[in-house]
Each structure stands twice: as structure tokens, then as C-alpha cells.
1. I'm told residue 42 meets every condition in (1) more than 19 Å from residue 133 (Cβ to Cβ); (2) touching a helix residue (DSSP H, G or I) at 6+ places or on another chain (Cβ under 8 Å) except one. Can you identify the failing condition by its number?
2. What pairs come up if the first residue lies in segment 150-163 and is farther than 13 Å from residue 103 by Cβ, the second is at pLDDT 85 or above, and their beta carbons are under 6 Å apart, counting only those six or more places apart or on different chains?
3. If residue 116 satisfies every condition in (1) of a type outside the set (S, T, N, Q); (2) open to solvent by 60 Å² or more (accessible area, probe 1.4 Å); (3) at pLDDT 90 or above; (4) touching a helix residue (DSSP H, G or I) at 6+ places or on another chain (Cβ under 9 Å) but one, which is the exception?
4. For the list (1) open to solvent by less than 10 Å² (accessible area, probe 1.4 Å); (2) not in a helix (DSSP H, G or I); (3) not hydroxyl-bearing (Ser, Thr, Tyr), I need the number of the one condition that residue 150 fails.
5. Here is a list of conditions, (1) over 28 Å from residue 159 (Cα atoms); (2) open to solvent by less than 60 Å² (accessible area, probe 1.4 Å), and residue 71 meets all of them except one; can you say which number that is?
6. Write out, first by first residue and then by second, each pair whose Cβ atoms fall under 7 Å of each other, whose residues are 6+ apart or on separate chains, and whose first residue, in segment 1-12, is touching a residue at least 12 places away in the same chain (Cβ under 8 Å) and under 11 Å from residue 50 (Cα atoms) while the second is open to solvent by 50 Å² or more (accessible area, probe 1.4 Å) and hydroxyl-bearing (Ser, Thr, Tyr).
7. Would you check if there is a residue in segment 89-101 being of a type in the set (Lys, Arg), closer than 30 Å to residue 145 by Cβ and open to solvent by less than 90 Å² (accessible area, probe 1.4 Å)?
8. Of all residues being closer than 21 Å to residue 29 by Cα and touching a residue at least 12 places away in the same chain (Cβ under 8 Å) in segment 41-51, which is least open to solvent (accessible area, probe 1.4 Å)? Just the residue, please.
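The values are calculated or read from the model by the stated rules, or taken from the named source; none is laboratory data. Keep in mind that this is a model prediction, so the values were computed, not measured. Note that we place each Cβ from the backbone using ideal geometry, even for glycine, and neighbour counts take in every protein chain shown. These accessible areas exclude ligands, DNA and RNA; they are computed on the full protein's heavy atoms, side chains included. Shrake-Rupley method; radii C 1.70, N 1.55, O 1.52, S 1.80 Å.
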Amino acid sequence: MIATFTKVRPRLEAVAQARTGNRATAEDIMQDVWIRLENARPEQVIDNPVGYITRVANNLVSDHMRKERRRAGIDSEVADLLCDGDDAVTPERALIGRERLEAVRAALDELPEKTRRIFLMNRIEGIPHRRIAEMLGVSDEAVYYHIRRALERLAVLRDDLAG
């Protein structure tokens, strides 16, 4: 199976790069394909190895794209929360900004420690979901859940501040 993967990898990587728009991401996905193939059940007989490998690669690209859409949505929510579109700095706006920042700090302090830590690692330190998951020994989905939980709390705060 790995020998077949080695032969079709350049084509699959080119497709992954075209779909993701990023060479490094395509390489990461190919690494994930290889890991999946290495961990496949040895007793499993596959009639069409090229088709199977292609399906694994396409599924991983689709999973990546779905996660990127979720992350983009989260990023948009954070931007909406922190910015109101007007860039003019006035003393009044500076005071409002300080008050909002303090309200955000207080809201984050109310979160469970793990949720706050994951949110800050991702949003402030810029650590990717996958790396946080590896560092903390949790799944990507758990990282997403904690970030989502923090954003939901901040969205309530935003609505309170606006209303």
C-alpha cells in the first residue's frame, strides 16, 4: 500500500495544493494520508489501492477545508467582537475601549481554566488548533469546543455592551 502511495503521491499532493491553495498544507495532508495507510488494518484486502488512497486523501482535504471554514467563522466573530469598523481615535473611544477590554478580561476570567487557556493560546499566542491539541493531549474537536465556548461567552458580552 505504501509503495502505491509513493507512486501516486505527487498527483495527490498537486490536487491537495490546488484545493487548499497552500503547498505546506498539502504536504501535511500527504503526511496524514501516509499515517492513515500505516495504521490501516493489515488483514484488510483492498481491490483498488489507488482508488482507496485517493479517497483517503480527498477525505482528508475535505476535512481540512471544513475545519478552515469553521476557523474563519470564529475569526470573523472575534473581529466583530473587537472592532466596530470606525478607526478614529477620540478620548471617548479610548475610554470605551478600555472599558470593553476590562469587560473582556472579566468575561475570560469567568471561564473554566482549560477553556480560557486554550482560547488564549489560540487567539493571543496564535498557536494552531492541532498544536494545542498535541500540547494538551486532547482532540482537535475538544480545542474547537473550548474556543467556541469562549466565543459564545464573548458574544453574550458583546450583545450586553451593544444593548
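1. The number of the failed condition is (2).
2. 150/111; 150/115; 150/119
3. (2)
4. (2) is the only condition that residue 150 fails.
5. Every condition holds for residue 71 apart from (1).
6. Taking only residues 6 or more apart or on different chains, not a single pair turns up.
7. No, segment 89-101 has no match at all.
8. Going through the qualifying residues, I end up with 49.
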